[in-house]
1. Provide Rg and Dmax in Å for the range 82-123, with only Cα atoms included in the calculation.
2. If you find the alpha carbon centre of the range 1-76 and of the range 168-201, how far apart are they in angstrom?
3. Please give me the summed charge of the neighbours of Ile27: other residues whose Cβ is under 15 Å from its Cβ, Lys and Arg +1, Asp and Glu -1.
4. What residue among Met195, Gly185, Thr159 has its Cα farthest toward the positive end of the dipole of the range 110-210, where the charges are +1 on Lys, Arg and -1 on Asp, Glu, each on the Cβ?
5. Between Asn111, Ala124, Val147, whose Cα lies farthest towards the positive end of the dipole of the chain when Lys and Arg beta carbons carry +1 and Asp and Glu beta carbons carry -1, centred on the Cα centre?
6. Taking the Cα centre of the range 59-212 as origin, sum charge times position over the Cβ atoms of Lys and Arg (+1) and Asp and Glu (-1), and report the length of that vector in debye to the nearest 20.
7. Using the Cα centre as the reference, give the magnitude of the dipole from point charges on the C-beta atoms of the chain (Lys, Arg: +1; Asp, Glu: -1; all else neutral), rounded to the nearest 20 debye.
8. For Ser183, Ser80, Ser206, what ranking results if the residue with the fewest other Cβ atoms within 10 Å of its Cβ goes first?
Amino acid sequence: MVKLYKDLGKTAKKLLNDDFICGEKKIQLKTKTDSGMTYTTTGKLLSKVETIAPKDDKDTPKEQLIETLCGDLSCKYKLSGATMTTKLFTSGMLTQEVELENTGVKGLKLNVLGLLGEKQSLLATAEYIHPHVSFVAKADALAKAAVTSSMTVGMHGITAGVQGTLDIESKNVNKVDAILNYSSGKEHEATVMLMDKGKKAKFAYSHVRNSDFSVAAEFEYNRDKDSKELAMGTKYEVDRDTTLKTKITSGGSFSVSYIQDIRANTTLTICSNFNVIGDKKPSHRFGLALVIE
């Protein structure tokens with residue numbers, strides 16, 4: 001079955017991004033009722049360092065640690081064949097998502113996501129998957145008249161795709177991206193992407209070396225900024241309950257993430273990040289997450 005555009009190169013993306021939660025302290029509690037309703041409560045303490053501009057030429061810029069406490073409460077349930085997810089945030093924002101998989105057309109799935117807060121939106125998405133073709137179209141009914149769509153075509157492990165946004169009023173196509181992906185199944189995957197009408201290019205790969213060790217890397221080139229960025233990471237499953245992940249970038253950032261299943265349905269994640277380049281100011285960040293289901 002061919003993959004959706006958003007899922008191409010997903011294995012490398014997950015290895016290089018998931019579980020690296022530096023600057024975040026999170027606790028999450030999930031419970032499920034006998035009727036199938038799922039409640040999720042999440043609390044986060046976000047930390048970031050901001051540079052304060054000097055008041056005059058004699059002063060020097062100063063760094064200040066900013067911490068923000070936020071959270072959300074969500075409820076996921078089924079109603080009349082549709083999956084409903086209601087989420088309330090401490091910021092006052094409310095979202096309602098409706099997902100319908102049994103549309104009567106094989107391979108077609110519909111999704112509507114509404115947002116109510118300082119900004120309102122109503123995003124409708126249609127996904128269609130065929131053994132060799134996939135198509136996605138999405139539009140915000142409350143925003144400007146624009147439709148974002150993507151299409152992939154694949155066979156024998158090779159998939160090509162394109163994505164773009166059509167501004168209906170000006171009839172211009174913006175943010176055109178293209179992708180070429182090869183996957184051998186579960187062992188390895190390689191992806192080449194051209195983004196923003198060729199202004200950016202990215203190559204990524206992932207390789208499952210054996211049942212407990214995986215590697216991934218990503219190289220991105222920005223033509224306008226003439227910048228090049230490289231990131232590489234590893235994932236090692238020490239045992240059935242312990243996973244260790246590492247990531248290093250060409251900018252000198254080194255991250256380590258330790259994931260431990262304390263007991264059934266309880267996972268602790270500890271992450272640390274620091275600079276390894278000597279000419280940069282030392283900077284260390286820490287992250288912690290506890291998920292109880």
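1. Reported Rg and Dmax, both Å: 12.5, 39.
2. A separation of 26 Å, based on Cα centres.
3. Once positives and negatives cancel, what remains is +1.
4. Result: Met195.
5. Of Asn111, Ala124, Val147, it is Val147.
6. With Lys and Arg at +1 and Asp and Glu at -1, about 400 debye.
7. Rounded to the nearest 20 debye, it is 200 debye.
8. Ser80, Ser183, Ser206
Values quoted throughout were computed directly from the atomic coordinates according to the rules given, and no laboratory measurement underlies them. Being a predicted model, the structure only gives us computed values, none of them experimental. Counting neighbours? That spans all protein chains shown, and the Cβs are built from the backbone with ideal geometry, glycine included.
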